[in-house]
Amino acid sequence: MKILYAASEALPYISTGGLADVVGSLPKAVKAELGADGDVRVVIPLYPSIREKFYDKLELVSEITVKLSWRNQYCGIWQTKSDGVTFYFIDNLYYFERSMLYGNYDDAERFAFFSKAVLELMAEVNFYPDILHANDWQTALSVIYLKRKYGHLAEYRGISALFTIHNIDYQGVFDFSILGDVFELPEWDRTVVEYNGCINLLKGAIVCADMVNTVSPTYSREILTEYYSSGLHHILRQSDAEGKLTGIINGIDVEYYNSANDPEIVANFNCDDLSGKALAKADLQRVCGLPEEPGTPVIAMVSRLAAHKGFDLVKRVIEDVIGHNNVQFVLLGTGEPMLERFFTDLSYRNPGKVCVKLEYNKSLSKKFYAGADMFLMPSKSEPCGLAQMIASQYGTVPIVRECGGLADTIRPFNEYEGTGNGFSFRNYNAHDMLHVIEYAISMYYDHSKWSNLVKNAMKIDFSWNVSAKRYIDIYNRIG
């Protein structure tokens, strides 16, 4: 089986969030499952930081010209290999030599060029996959081009497309004035991408793909409703009725996030010997400038500071949490300026109880995951979520809202039966969250029950192995 993954980012090369984790890990897990029967490759843009950090590992494969409407643009194709997977990088300084991956004035043109280059790459390296697996709106046009522009060609006719929605809030919406001039789509393809009077690339990919999936089963059901769909529920309901829509929970890299041998935490530990976790907690308290109090529970958040991550709930009751309970609260992340100001001010007003670090730092995040006792993730919407799974690997008990992948991965603790791997609440309500946090704090002081809960969390298999098998089932179904 031949599979080509197309995405705008992938670890370890470039990352702004969970998409890169998936594209960095899933192809390797699929290759491991398929073994010699699988030829697995990935294509992403060549950003400046990739060129700088990995230049000695990259090999120039070819230089071609990619036509995009009236434009004829240079396209360099570079490659490297990792764990049996070939990674291609599309080189064009004009489009990708930017300080930001996204949010540029010409993102429509940049990712149209990239999507067209994905199709041209197949011919240039003579790799026509059985499956094109595209991810999010930045590669939506690769699916649309495959089905509307290349599908009549013999070499491309046998390629099936799986399109994965990592977050439906980002849809690639543009004015129709660029339909032909930038996207190189004829007027008769207008209906393919038209939604609510605009070009909607996500809608086009959903319509054109052979299968569509989201990154958790619950999220695939949620986006059929108006509340979660960001307006696309009508299109998604049609795909669901056609049997095209499904959900597969993401995994995490359990070698990279492994409390037993992680070199980036002060002490290693596992579910059979948790003594190192106490040292990790003391280290986190030192890093955060908080009193080293082993008996004081530490509640952590590692997140983008964005409204849909549930920070309005946290803002509403965090003073009650730290004022009425003997706890410490630590936060790592960057985001909306208003939220950054609120939590910075909270730390100034509560020295010794609150630490806020406004930065994106994967190495430091491991100290938060390993050193905290509880991990708060009260999202309004969460397609999958990786942080709750990572925290579990380090014995830090998640407290989550029951939505999306959080509902699929965290089961409420039952103190009488000793089952469950975290705490959860259903309604998007600040005081429901407060009640569950205080219940978790009460359980923390019951050492026997808490130790059992920590072990439950650490024993859950969040590796890519199970998910990779489910993706292979889809590939076999449509290939």
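The values are calculated or read from the model by the stated rules, or taken from the named source; none is laboratory data. Everything quoted here is computed from the prediction, not taken from an experiment. As a convention, Cβ positions derive from the backbone with ideal geometry for all residues, glycine included, and neighbour counts pool all protein chains shown. With ligands, DNA and RNA removed, areas are computed over all heavy atoms of the protein, side chains included. Shrake-Rupley method; radii C 1.70, N 1.55, O 1.52, S 1.80 Å.
Structure summary
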| read-out | value |
| --- | --- |
| Whole-angstrom gap from the stretch 429-470 to the stretch 112-165, using each part's C-alpha centre | 41 Å |
| Accessible carbon and sulfur surface of the chain relative to its total accessible area, %, 1.4 Å | 50 percent |
| Table column - 3J(HN,Hα) (Hz), the stretch 44-55, Karplus curve with 6.51, -1.76, 1.60, x for Gly and Pro | 9, x, 8, 8, x, 5, 5, 4, 6, 7, 10, 4 |
| Extension gain from Ala307 to Arg349, taking 0.36 nm per residue of separation minus the Cα-Cα distance | 12.9 nm |
| Point-to-point label distance, Leu11-Glu293, nm (Cα→Cβ direction, 7 Å offset) | 3.3 nm |
| Lysines with Cα under 19 Å of Lys315, excluding same-chain neighbours fewer than 8 positions away | Lys353, Lys357, Lys380 |
| Share antiparallel - DSSP beta bridges, the chain, percent rounded to 5 | 35 percent |
| Anchor Lys459: aspartates and glutamates whose Cα lies under 12 Å away (excluding residues fewer than 8 positions away in-chain) | Asp272 |
| With Cα atoms, 0 to 90° folded angle of helix 337-349 axis to the chain main axis | 20 degrees |
| For the stretch 180-194 and the stretch 271-348, distance of Cα centres in Å | 48 Å |
| Between 0 and 90°, nearest 10: helix 447-459 axis offset from the chain longest Cα axis | 10 degrees |
| Residue-span extension gain [Ala241 to Ala154] - 0.36 nm each, minus C-alpha spacing | 28.3 nm |
| Backbone N within the stretch 239-260 under 16 Å of label point (7 Å from Glu33 Cα along the Cβ vector) | 246-254 |
| Theoretical FRET efficiency, 1/(1+(r/R0)^6), r = Cβ-Cβ of Glu340 and Glu59, R0 45 Å, to 0.05 | 0.60 |
| Charge dipole of the stretch 124-197 about the Cα centre (unit charges at C-beta), most positive-ward option of Ala161, Ser177, Tyr195 | Ala161 |
| Rule-of-thumb Rg ratio for the stretch 1-133 [Cα; 2.2 N^0.38 Å; N residues] | 1.01 |
| Extent along principal axes [Cα atoms of the chain; Å; largest to smallest] | 67, 46, 41 |
| Between 0 and 90°, nearest 10: helix 362-371 axis offset from the chain longest Cα axis | 30 degrees |
| Check: the stretch 92-154 dipole with +1 on Lys, Arg Cβ and -1 on Asp, Glu Cβ, in debye | 200 debye |
| Cα-projected label distance for Ser451 with Lys469, points at 7 Å along beta-carbon direction, nm | 3.3 nm |
| Flagged links, alpha-carbon separation over 21 Å, of Lys366/Lys455; Lys116/Lys244; Lys149/Lys469; Lys277/Lys366; Lys57/Lys366 | Lys116/Lys244; Lys149/Lys469; Lys57/Lys366 |
| Unit charges on C-beta of K, R, D, E only; dipole of the chain, Debye | 120 debye |
| Pairwise FRET efficiency - Ala282 versus Glu415, Cβ, R0 = 45 Å, nearest 0.05 | 0.95 |
| Whole-Hz ³J(HN,Hα) from phi, Karplus 6.51 cos²θ - 1.76 cosθ + 1.60, for the stretch 279-289, glycine and proline x | 5, 5, 5, 4, 5, 4, 4, 5, 4, 8, x |
| Residue (of His447, Leu132, Ile478) at the positive-pole extreme of the chain, dipole from beta-carbon charges | His447 |
| Computed FRET value (nearest 0.05) for His431 with Ile478, which takes r as the C-beta separation and R₀ as 41 Å | 0.35 |
| Whichever aspartates and glutamates have a C-alpha closer than 18 Å to that of Lys362, once near sequence neighbours (fewer than 8 apart) are set aside | Glu9, Asp21, Asp253, Glu255, Asp262, Glu264, Asp283 |
